[in-house]
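Some notes on the structure that comes next.
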Amino acid sequence: MITPEENELLCRVVGEAPMGQLMRRHWTPVCLIEEVSEPDGAPVKARVYGEDLVVFRDTDGSVGVLDEKCPHRRVSLVYGRNEEGGLRCLYHGWKMDVTGNVLEMVSEPAASGFAEKVKHKAYPVKEWGGFVWAWFGAAENVPEFVPPPWAPTEDTRVSIAKVLLPCNWAQILEGAIDSAHSSSLHSSDMVPARVVGAKATDKAWLRPSTDKAPRMQVQRARYGFRYAAIRRPIQNAATHEYVRSTVFVAPASALIPPNNLYNVANVNVPMDDTNTAFYFLAWGHSTQTPETETWRKFLGQTVGVDLDESYRPLRNEENRFWQDRQAMKAGNFTGIKGFPNQDVAMWVTMGPIADRTNDRLGASDMAVVEFRKQMLDAVRAFQAGEPAIGTNGNAIPKNVCAFQAVVPKTIDWREYETTYVWADGIERPDLEPSYSVNT
């Protein structure tokens, strides 16, 4: 349980809100590269930390992330002409390039020199891992872009499902790091089976345990924390344990325990206080990781089928998330297709910002409790002048990854040697074993 004041401090990101200012000290995904793949193509609207943005790819292939409103009379540039190296406002023809320089002011006398005196708001940009990223911190202090742990190289396959949700970022993140719920909410999609470890099929993820009440253990780090959900395995229960270790990467991402073919991650970008861009990723070697459309179909998050053209879910509270009660009677636990959609139903029904003051948390909520405590400590430290969590050399090390395995009880999960999932016989990028991590 936390106080109303702490809940506000944790959740609010718009304007001068401390948590939003902390998040601005990290490179932030703005949209998918596929949304602006075409030079001189249609501009895209985005919203991050309460700021309305326009994203476009110019004639030469460079991407710009600009303030959506034209600096002249503040009309939307999303409707502008993307042509000949810049974005032209329809109202009076002002034209801006990807760095915010005003190239032309056709409504002003050429001799006035006015264009040289105006600079439009533009953000530093990086393309990587399927995303267009931008830096929203101080323009005079732009750090080097460091690849995220789920895209260690440019050629790593990253398949992304994107959904825009009408709720706060923190309740989504808490869902991503809550391992206990998967044994109930996702029990029809993450099916217990007599397997030696988690396996992926084209219809479900198999897991080697029927245990619905995991023991939780946490290891705090400077980038976030690791934790383990420890369950009784179906086989060799007297001598072994089934461990699912998740990694929280501050401020708003999680490395999810993988299956036998590919790795999984969750990235959450606050659009504002009550809306979030939720991204669910499969990543790994191209021979084993599903392609984007296959991944979205598997999750039930395909544009035009499950989502509208703006990535907003067609399933919502008004239509009960398309819940099938007949399927529930036949044995399906939730009656909702696609396990991320099951999560979405839970997150959205908490309300725009979950009221944590009345939570009744138990032993299985240890990771959720740790997230709240760590991020509240981090934002208070940031307010006191310390660097934002996960910055200034405290980014997640390359040898830290999520994992799942059936391990002997004599082995401490914190020292269990592992690495991310990759195709057998093919060298992994930046291959380092993950064990004894005490950062």
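Remarks
- 16 Å tail of the calculated P(r), segment 280-329, as % of Cα pairs: 54
- Potential lengthening of the chain between E291 and N358 amounts to 19.9 nm, from the contour at 0.36 nm per residue minus the alpha-carbon distance.
- Ranked by the mean number of other Cβ atoms within 10 Å of their residues, highest first, the peptides 282-294, 317-329 come out as 282-294, 317-329.
- Rounded FRET efficiency, nearest 0.05, which uses the C-beta distance separating E140 from R220 and R0 of 30 Å: 0.40
- Simple point charges give the picture: +1 on the Cβ of Lys and Arg, -1 on the Cβ of Asp and Glu, and for the chain a dipole about the Cα centre of about 1380 debye.
- Student exercise, segment 1-138 dipole from Lys, Arg, Asp, Glu Cβ charges, in Debye to nearest 20: 320
- GNM result for the chain, Cα springs below 10 Å: residue of F136, F225, F114 fluctuating most strongly: F114
- Computed from backbone phi with θ = phi - 60° and the Karplus coefficients 6.51, -1.76 and 1.60, the 3J(HN,Hα) list for segment 207-212 is 9, x, 7, 10, 6, 9 Hz; x is used for glycine and proline.
- Solvent-accessible heavy-atom area per residue, rounded to whole Å², over the chain at 1.4 Å: 44
- Separation of alpha-carbon centers, segment 33-90 and segment 108-160, rounded to whole Å: 12
- Per-residue Karplus couplings for segment 15-31, computed as 6.51 cos²θ - 1.76 cosθ + 1.60 with θ equal to phi - 60°, are listed in order as x, 8, 3, x, 5, x, 5, 4, 5, 5, 8, 10, 4, 10, x, 10, 7 Hz, Gly and Pro entered as x.
- Selected from T391, T357, T276 as most flexible by GNM, with the chain as the system and alpha-carbon contacts under 10 Å: T357
- Column: log10 I(q)/I(0), Debye, Cα scatterers of segment 212-290, q = 0.24, 0.26 Å⁻¹: -1.12, -1.15
- Per-pair calculated FRET efficiency, R0 = 22 Å: V118 and E16 via Cβ, rounded to 0.05: 0.30
- Expected 222 nm ellipticity per residue - DSSP helices of 4 or more, -39500 (n - 2.57), all of the chain, to 500: -4000 deg cm²/dmol
- Taking Cβ separations below 4.7 Å as the criterion for a possible disulfide partner, the isolated cysteines in the chain are C11, C31, C167, C401.
- In the chain, taking the dipole from charged Cβ atoms about the Cα centre, the farthest positive-side position among N392, L164, A139 is held by L164.
- Straight Cα distances below 20 angstrom link K337 to the lysines K162, K199, K203, K297, K329, with same-chain residues fewer than 8 positions distant left out.
- Label-point separation in nm, F333 to E427, each point 7 Å along Cα→Cβ: 4.2
- Close amide H contacts of W128 (hydrogens built in the peptide plane, cut-off under 5 Å, sequence separation of 5 or more or a different chain): W133.
- Here the chain exposes an accessible surface that is 50 percent carbon and sulfur, computed with a 1.4 Å probe and the other protein chains kept in place.
The values are calculated or read from the model by the stated rules, or taken from the named source; none is laboratory data. Just so it is clear, the model here is predicted, and its values are computed rather than measured. Positions of Cβ are generated from backbone atoms using ideal geometry, with glycine treated the same way; all protein chains shown enter the neighbour counts. SASA here: full protein model, heavy atoms, side chains in, ligands and nucleic acids out. Shrake-Rupley method; radii C 1.70, N 1.55, O 1.52, S 1.80 Å.
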